[in-house]
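The values are calculated or read from the model by the stated rules, or taken from the named source; none is laboratory data. As the structure is a computational prediction, the values presented were derived from the model and not from experiment. Positions of Cβ are backbone-derived with ideal geometry, glycine not excepted, and every protein chain shown enters the neighbour counts.
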Amino acid sequence: MDTELHEQRNERRRIKVIDCATQLFQSKGVREVTMDDIAGALRISKRTLYQMFRGKEELVLACVKAGIEADQRRRLEIETDTTDALERLFRNIECKLIDLRNLHPDYAKDICRYASVRTFLAVCHEDLIDKFRKILQLGCAQGTIRPDIHFEQTTHGLLYLVDGVGESGQFADFSVLDFIFNVLLVYIRGCATDKGRASIDEFIKKHHF
């Protein structure tokens, strides 16, 4: 019993560290935040911090994984709540817009400097591609996505665009928010029927100011 309580206490401490580090990384930028900064914010010794995470890369990866897991839980809640393809898409984007409200502009680029994070995100991209393909297919059945598009090419085209944001210096001066409105939604709009485009335009009008 004592061992179980000890493990639970350690897990709570670990979650607290991840939450604090995530807030610092996202608000100040990963490169600007040191392990000393995180230990200081938590009022723990750096030795204690390194007992939980061997280094900054391991902590960054843990923060990214926690964020992805939260996104996955949120997607499941939305999918349970509605069967409308574009509504699912819009509600996921709305949640992401809230997440991005105070995000440091270099965050996405900074986390990709770590090999372990890049490897993890590559696996996540494949999962996202599968989910996006299913949204397009559902939208097609509902009359909001064109039936003549090639779903496989379209979903991989999206992956190419998303990867380009992190890898190409051409996007260095633009935020993730810019990408959503000026690239992602424009791309999806090109896949939509008249009915779908009307819904997308209304969403852009509501949020893009």
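Data overview
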{"quantity": "Pair list, Cβ under 7 Å, 6 or more apart: the range 94-114 residue closer than 11 Å to VAL64 by Cβ and hydroxyl-bearing (Ser, Thr, Tyr), other residue at pLDDT 85 or above and assigned to a helix (DSSP H, G or I)", "calculated": "TYR107/PHE25; TYR107/GLN26; TYR107/VAL30; TYR114/GLU57; TYR114/VAL60; TYR114/LEU61"}
{"quantity": "Subset of the range 52-67 (residues that are of a type in the set (Lys, Arg) and either surrounded by fewer than 16 Cβ atoms within 10 Å (Cβ to Cβ) or closer than 14 Å to ASP19 by Cα (or both))", "calculated": "ARG54, LYS65"}
